[in-house]
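Below is one structure, written out as structure tokens, with a few remarks after it.
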Amino acid sequence: MTQTMIQAQNLTKTYGPRLAIDRLSFEARKGEIVGFLGPNGAGKTTTMRILTGYMPPTSGVARIAGYDVVEESLEVRKRVGYMPETVPLYKDMSVLDYLIYMGRLRRVPDVEDRAWEVLERVGMEDRAESFIGSLSKGMRQRVGLAQAIIHQPDVLILDEPTIGLDPTQVVEVRRLIQEIGQEHTVLLSTHILAEAQQLCDRVLIINQGRIVAEDTPANLQLRLQGGTRILVALQEPPRETLLQRLQSLEGVRLVETVGERRLEIIAEEGQEIRPWVARTVLETGHNLLEMRQAEMSLEEIFLQLIRDETAEDEGEAEEADTNAPESATSPETSSPAPAESPEEEA
């Protein structure tokens, strides 16, 4: 059975009156890349800081490799590599000296050899003697990854690792994360939906401090899509005859026009309707330019989940208002106010 490396149970964190995270519970197994997905301010960074021992939770329990992050903080820190959103680098140090320094802080044996191994891993052997302050943002992100893995941690926690990078640097950093994820358990926070879809074995979608969904990207698509989407492009605008015949096909749930010459057809799950759609298009005198099956993007999934959660919260609020006891000042339940006594009036 695969070992559980990250375990959170009912994690809650408040900052004064503000609730940052609300009873979060989730797990991550060995060798798994888990995406922590949500908008800015959803509670991702707070959760990561708790898991790394940077701050305690208000309530709840978190464990890394079986060690409690509060009661056994030093054991947890030995097993966690952390790359915060803004990596604390010393710009006047060379890359090699910085990694040796970080390795010594973590009591890494044969630290110089290990520093060179890590430099090779992140593709920076030729920049070992460069000052960190002279590096590009992408190169500094690589240094941040190098310091996070120099002590060979069991768990790697990355907070927005590609933020602020250009497209080429993003591709390079994502490739590194995929390679590292083969050996480590990775918890990766991002608000870039395509990044989570590309990198992660499983995603946790968080909003307003609560997890609103947890599954693989593919399973989330199946759960929310509820059917097969077919996109059709025509050479000319569709005539009413075509729309009516497509809607009457067995297994077709919905036919909608998308733009002037495109259609979106929703079929029942498991129904293969494309041959019949193509035949119908041609029989009605239309020219078919393209037909393809479309998947629901992680962005659409996220927005749908947020809408569903908002609607659910509003429904609960309305129900609470409906079930609330009548006001004590209503005519049916209120008692006449006592007359003021002479003493009170005086």
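The values are calculated or read from the model by the stated rules, or taken from the named source; none is laboratory data. Remember, predicted model here, so these are calculated numbers, not experimental data. Because the Cβ atoms are built from the backbone with ideal geometry, glycine has one as well, and the counts that use them run over all protein chains shown.
Computed values, structure above
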{"item": "Flag for T46 being buried (at least 17 other Cβ atoms within 10 Å of the Cβ) and of a type in the set (S, T, N, Q)", "result": "yes"}
{"item": "Residue in the range 92-106 that is among the polar types (S, T, N, Q) and in contact (Cβ under 8 Å) with a residue 12 or more places away in the chain present", "result": "yes"}
{"item": "Of the criteria (1) of a type in the set (A, V, I, L, M); (2) assigned to a helix (DSSP H, G or I); (3) in the same structural domain as A62 (by TED's automatic domain parsing), which one M139 fails", "result": "(3)"}
{"item": "Number of the condition not met by W116 [criteria: (1) under 19 Å from D154 (Cα atoms); (2) not assigned by TED's automatic domain parsing to the domain that holds L158]", "result": "(1)"}
{"item": "K137, sole failed condition from (1) among the charged types (D, E, K, R); (2) touching a Gly at 6+ places or on another chain (Cβ under 6 Å); (3) crowded, with 16+ Cβ neighbours inside 10 Å", "result": "(3)"}
{"item": "Residue within the range 210-233 that is among the basic types (K, R), touching a helix residue (DSSP H, G or I) at 6+ places or on another chain (Cβ under 9 Å) and modelled with pLDDT under 90 present", "result": "yes"}
{"item": "Strands (runs of 3 or more DSSP E) within the range 149-238 that include 1 or more residues under 12 Å from the mean Cα position of the chain (by Cα) and closer than 30 Å to V108 by Cβ", "result": "155-159, 185-190"}
{"item": "Any hit, the range 155-171, residues being out of contact with any Pro (no Cβ under 8 Å at 6 or more places or on another chain), touching a residue at least 60 places away in the same chain (Cβ under 8 Å) and among the small types (G, A, S)", "result": "no"}
{"item": "Filter result (more than 17 Å from E160 (Cα to Cα) and in contact with a Pro (Cβ under 8 Å, 6 or more places away or on another chain)) within the range 79-99", "result": "R79"}
{"item": "Any strands (runs of 3 or more DSSP E) falling wholly within the range 1-113 and containing at least 1 residues that are at pLDDT 90 or above and touching a Cys at 6+ places or on another chain (Cβ under 8 Å)", "result": "33-37"}
{"item": "Whichever residue in the range 83-127 is under 12 Å from I150 (Cβ atoms) and within 27 Å of the chain's Cα centre (by Cα) and, among such residues, is surrounded by the fewest Cβ atoms within 10 Å (Cβ to Cβ)", "result": "R121"}
{"item": "Residue list for the range 146-180, filter: modelled with pLDDT of 90 or more and not charged (D, E, K, R)", "result": "A146, Q147, A148, I149, I150, H151, Q152, P153, V155, L156, I157, L158"}
{"item": "Lone qualifier among L37, L51 - being in contact with a helix residue (DSSP H, G or I) (Cβ under 6 Å, 6 or more places away or on another chain) and closer than 24 Å to T216 by Cα", "result": "L37"}
{"item": "Residue list for the range 250-294, filter: over 38 Å from the mean Cα position of the chain (by Cα) and assigned to a loop (DSSP other than H, G, I, E, B)", "result": "T284, G285, H286, N287"}
{"item": "Residue check for V118: aliphatic (A, V, I, L, M), within 23 Å of V186 (Cβ to Cβ) and assigned to a helix (DSSP H, G or I)", "result": "yes"}
